[in-house]
Amino acid sequence: MSSIVNRIAAASLALMPMAAGAQAVSEIVITATRTEEPADTVLADVTVIGRDAIERSGAASLAELLRTSVGVETSQNGGVAGLSGIFLRGSRTAQTLVLVDGVRLENPTSGGANLEFIPIASIERIEIVKGPLSSLYGSGAIGGVIQIFTRGAAAGSGTGTSQEAALSTGSLGTSAVSAGLSARSAATRWNLSASHDQTDGFDATVPGSVNYQADRDSSRRDSFAAGFAHRFSEQVEIGFDARANRGRTAYDDAWSSPGSAEITFRSDAFSAFARLHPSAAWDSTLRVGSTAIDYDYAAFSFAPRTRSRTITWQNTYALDSGSLLFGIEHLQQKIAGAGVSTGDYAYVRADRATRSAYLGYAIERAAHSLRVNVRRDDIDSVGAQTTGTLAYGWRASEQWRLRASVGSAFRAPTFDDLYSPFGANPGLRPERSLGWELGADYSRQATTVRTSLFASRILDAIELDSDYVPQNLASTRVHGVSVDARKSIGALVLRAALTIQDPTGKWTDPATGEQRSGELTRRARHYGTMGASWHGHGWRLNGELVAQGRRIDSDGAELGGYTVVNLGAAWALARDWELFVRASNVADRSYQTASGYASPPRQLLVGVRFASTP
């Protein structure tokens, strides 16, 4: 494993520029500041995964796609629809906030976003911002924020009508189909899209696991998305974005039979907005949103119905000395359903509200940039938390930019943590963190290198003990360095990413009072990716290597390091048509990202794609 890490490190350094060139054009990102801003002026470590990159990756699940990004580790209990976990710079799943089209996607029971319910085909673009962001987004944004923009939310550019469709089939009884239609005029845009994927799957657990069942675990997912916006004038625009996912997945556990171990699920998101421009200096947006995550177990009576409803009023105002950001937000979370609000073992509490206000100031002066943000969140039964961020950037030359930031963040205990009838701990305190980052970014025409030195300390971090009961640790800390590099050589694009970190925790043994320390579960000390793609003469070829070091799991089991190689190719059959093939886990490597659960074996996928744009 160390040899792979050495190769990734060497590749990252090799991509450092040796020749002069013009500075690359920066794309626009939203998540890092809650407003549109060029990526090369953002004072945070940001990764953008566009639609082209998503299609080239051929990833079967969102977790599989995200793990190719710098600073991101994932876990998955089995196949594409198995329970997913995400670890951003050593933070755990519930410490990373996920947004869909600007609206919080969060299961109030676990704090996660159930990423396994979201098919890849429904996603247009992903922005990943690393570092504490509670000063902008509130609870949960300790490790960072991941924002998913769905196909129905894509505004596009130009005018006219676009159509697209894809059909694929492969090993393990896998097949997928998707289609989309969009149109845009000078004042109006709309989008419609749908997708379906299914697989016969593989055995999700390994022999010897307490959950082992000797069967194949299949899954099926359907997704529908729509978006509409109309600009009445330069001062007024309204619109909505909507997404619905439906599906089922089989799983293995010790309390079910192969015939009854199945979950049906639903994940919805809706957002409506009104953008106003009362004056040349003032932009104002009112957004109402709702997300829902529901699922049913066939083997027993447990059917959570979770709802999160948000109202946000956000404003930006241009000043002579900079720009001002201010807003208020109200979040209402509710859980219900069999085994949650009804039955013999109902949760002690089934709803809570969060009232928030935030303020930010940004200034640009010659080569210098400064950002200040502060936010206050008042959460029912948890209390009030105030967080802040201070960031500074200096463009030392046309190619080099240096940045530094420090910020605080927090996460409120989830409904499972506090109110579950099984394994809850009502005495839990909110997690509180302080993190800092130093970064150096280099960009020329054919080369970009982004280096970040980071550290965070989380007080009262909530982790499961050996009996799977949440406990406040005395503290956890993660410090490390990441490098993300990309270089173009004609039609060839090379990329490499490496993260080296030290994730550790300290806690007090409740029986003896003894202070102990150890590794944080499912987080490696080193992980990274390497990739190459080539485009020419009607062909697109790409390959990637994903590597992760050893880890431990909650049950004390050691998860060995692994390396996975994926290959892909596409050939332009005719105008707007291409044939593609994807081979994943080419060496058929057997590995685990969650104790007792198998990862996907070698798989081959072939398909055809159509895309017509004006």
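The values are calculated or read from the model by the stated rules, or taken from the named source; none is laboratory data. Every value quoted in this text rests on a predicted model; they were computed, and no experiment measured them. No Cβ is skipped: glycine too gets one built from the backbone with ideal geometry, and neighbour counts run over all protein chains shown. To get the accessible areas, we keep the full protein, side chains included, count just its heavy atoms, and leave off ligands, DNA and RNA. Shrake-Rupley method; radii C 1.70, N 1.55, O 1.52, S 1.80 Å.
Side notes on the structure shown:
- Residues of segment 243-281 that turn out to be charged (D, E, K, R), under 17 Å from F202 (Cα atoms) and in a strand (DSSP E or B), as a count: 2
- The residue list A250, A226 contains one member that is surrounded by 19 or more Cβ atoms within 10 Å (Cβ to Cβ) and closer than 16 Å to L83 by Cα, which is A250.
- Considering (1) among the aliphatic types (A, V, I, L, M); (2) modelled with pLDDT under 55; (3) within 30 Å of R287 (Cβ to Cβ), the lone condition that A19 does not fulfil carries the number (3).
- Selection of first residues in segment 260-271 that are on the phi < 0 side of the Ramachandran plot and open to solvent by less than 60 Å² (accessible area, probe 1.4 Å) and of second residues that are in a loop (DSSP other than H, G, I, E, B) and at pLDDT 95 or above, restricted to Cβ pairs under 7 Å at least 6 apart or on distinct chains, gives an empty result.
- Any chance G505 is modelled with pLDDT of 95 or more, of a type outside the set (V, I, T), farther than 25 Å from N542 by Cβ and surrounded by 18 or more Cβ atoms within 10 Å (Cβ to Cβ): no
- When residues of segment 512-548 are limited to those that are outside any strand (DSSP E or B), open to solvent by 30 Å² or more (accessible area, probe 1.4 Å) and among the small types (G, A, S), the one nearest to W571 (Cα to Cα): G538
- Counting the residues of segment 568-595 that are more than 20 Å from G82 (Cα to Cα) and in a strand (DSSP E or B) gives 14.
- Entry remark, segment 272-294: residues being open to solvent by less than 30 Å² (accessible area, probe 1.4 Å) and aromatic (F, W, Y) number 1 in total.
- Answer residue from segment 51-76, given it is open to solvent by 20 Å² or more (accessible area, probe 1.4 Å) and modelled with pLDDT under 90 and is nearest to S554 (Cα to Cα) among those: A60
- If you check V340, V382, V372 for being in contact (Cβ under 8 Å) with a residue 12 or more places away in the chain, over 28 Å from F415 (Cβ atoms) and surrounded by 15 or more Cβ atoms within 10 Å (Cβ to Cβ), only one passes: V372.
- So S301, is it modelled with pLDDT of 95 or more and either of a type in the set (S, T, Y) or under 18 Å from R151 (Cα atoms) (or both): no
- Flag if F410 is surrounded by 23 or more Cβ atoms within 10 Å (Cβ to Cβ) and within 30 Å of P38 (Cβ to Cβ): yes
- Count of segment 122-132 residues, restricted to those that are closer than 23 Å to S267 by Cβ and either modelled with pLDDT of 95 or more or open to solvent by less than 20 Å² (accessible area, probe 1.4 Å) (or both), is 6.
- So L115, is it farther than 30 Å from A353 by Cα, touching a helix residue (DSSP H, G or I) at 6+ places or on another chain (Cβ under 8 Å) and either buried (at least 23 other Cβ atoms within 10 Å of the Cβ) or not β-branched (V, I, T) (or both): no
- The condition of being touching a residue at least 24 places away in the same chain (Cβ under 8 Å), of a type outside the set (F, W, Y), crowded, with 18+ Cβ neighbours inside 10 Å and farther than 25 Å from R444 by Cβ does not hold for S405.
- For segment 487-501, the set of residues classified as open to solvent by 30 Å² or more (accessible area, probe 1.4 Å), in a strand (DSSP E or B) and either polar (S, T, N, Q) or over 16 Å from G543 (Cβ atoms) (or both) consists of S488, I500, listed by residue number.
- The criterion of at least 3 residues that are among the β-branched types (V, I, T) and over 23 Å from the mean Cα position of the chain (by Cα) is met, among strands (runs of 3 or more DSSP E) falling completely within segment 349-459, by 368-379.
- So V565, is it more than 24 Å from S162 (Cα to Cα), part of a strand (DSSP E or B) and open to solvent by 40 Å² or more (accessible area, probe 1.4 Å): yes
Residue-by-condition table, conditions (1) modelled with pLDDT under 95; (2) surrounded by 19 or more Cβ atoms within 10 Å (Cβ to Cβ); (3) among the basic types (K, R); (4) touching a Phe, Trp or Tyr at 6+ places or on another chain (Cβ under 8 Å):
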{"position": "A391", "(1), (2), (3), (4)": "no, yes, no, no"}
{"position": "D416", "(1), (2), (3), (4)": "yes, yes, no, no"}
{"position": "R429", "(1), (2), (3), (4)": "yes, no, yes, no"}
{"position": "G435", "(1), (2), (3), (4)": "no, yes, no, yes"}
{"position": "S452", "(1), (2), (3), (4)": "no, yes, no, no"}
{"position": "L459", "(1), (2), (3), (4)": "yes, no, no, no"}
{"position": "V483", "(1), (2), (3), (4)": "no, yes, no, no"}
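- Against the criterion of being among the acidic types (D, E), buried (at least 16 other Cβ atoms within 10 Å of the Cβ) and under 30 Å from V210 (Cα atoms), D553 qualifies.
- None of T161, T109 is open to solvent by 40 Å² or more (accessible area, probe 1.4 Å) and outside any helix (DSSP H, G or I) except T161.
- Selection of segment 176-217 for residues being surrounded by fewer than 16 Cβ atoms within 10 Å (Cβ to Cβ) and either assigned to a strand (DSSP E or B) or among the polar types (S, T, N, Q) (or both) yields L181, S185, T188, D200.
- Check on V100, modelled with pLDDT of 90 or more and surrounded by 24 or more Cβ atoms within 10 Å (Cβ to Cβ): yes
- Single condition D203 does not satisfy, out of (1) farther than 24 Å from F117 by Cα; (2) out of contact with any Gly (no Cβ under 6 Å at 6 or more places or on another chain); (3) charged (D, E, K, R): (1)
- Neighbours by Cβ (under 6 Å, 6+ apart or cross-chain): first from segment 235-250, more than 20 Å from L286 (Cα to Cα) and touching a residue at least 24 places away in the same chain (Cβ under 8 Å); second aromatic (F, W, Y) and not in a strand (DSSP E or B): N245/F117
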